[in-house]
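The values are calculated or read from the model by the stated rules, or taken from the named source; none is laboratory data. Everything quoted here is computed from the prediction, not taken from an experiment. Positions of Cβ are backbone-derived with ideal geometry, glycine not excepted, and every protein chain shown enters the neighbour counts. What goes into the accessible areas is simple: the full protein's heavy atoms, side chains included, and nothing from ligands, DNA or RNA. Shrake-Rupley method; radii C 1.70, N 1.55, O 1.52, S 1.80 Å.
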Amino acid sequence: MMKNIIWTPALSDIGGVETFIYSVARKYSDYDITVLYKQADQEQMKRLSKYVRTLRWDGQERLSCDKLFINLDPSIADYVDAKEYFHIIHADYKA
């Protein structure tokens, strides 16, 4: 069982979500964090993997964790058994 999972369906080479996840990874690397994703920029994965575990996931297995932090797509909650669920909202306030 994993401790903390941050789910994001996609990580680009640069952007607000990517900066947020990288900042969390650096600051809280000793909290046993796994960044779970469907697709990601390889440089972004190299950068993150220095601080946290990264795992490509396509729904191939059911997962368990203490805390699941969901970025954007909440359907992941159907596949992860977590003690606590958090939905992270990211928005362009100008739009």
message = Considering only the stretch 67-75, I want to know if a residue exists there that is at pLDDT 95 or above, exposed (fewer than 15 other Cβ atoms within 10 Å of the Cβ), hydrophobic (A, V, I, L, M, F, W, C) and within 13 Å of the chain's Cα centre (by Cα).
response = no
ask   = Under the condition of being assigned to a loop (DSSP other than H, G, I, E, B) and of a type in the set (Lys, Arg), which residue from the stretch 41-66 is least open to solvent (accessible area, probe 1.4 Å)?
value = Arg62
key: Test: Asp81 is open to solvent by 60 Å² or more (accessible area, probe 1.4 Å) and either in a strand (DSSP E or B) or within 12 Å of Lys3 (Cα to Cα) (or both)   = yes
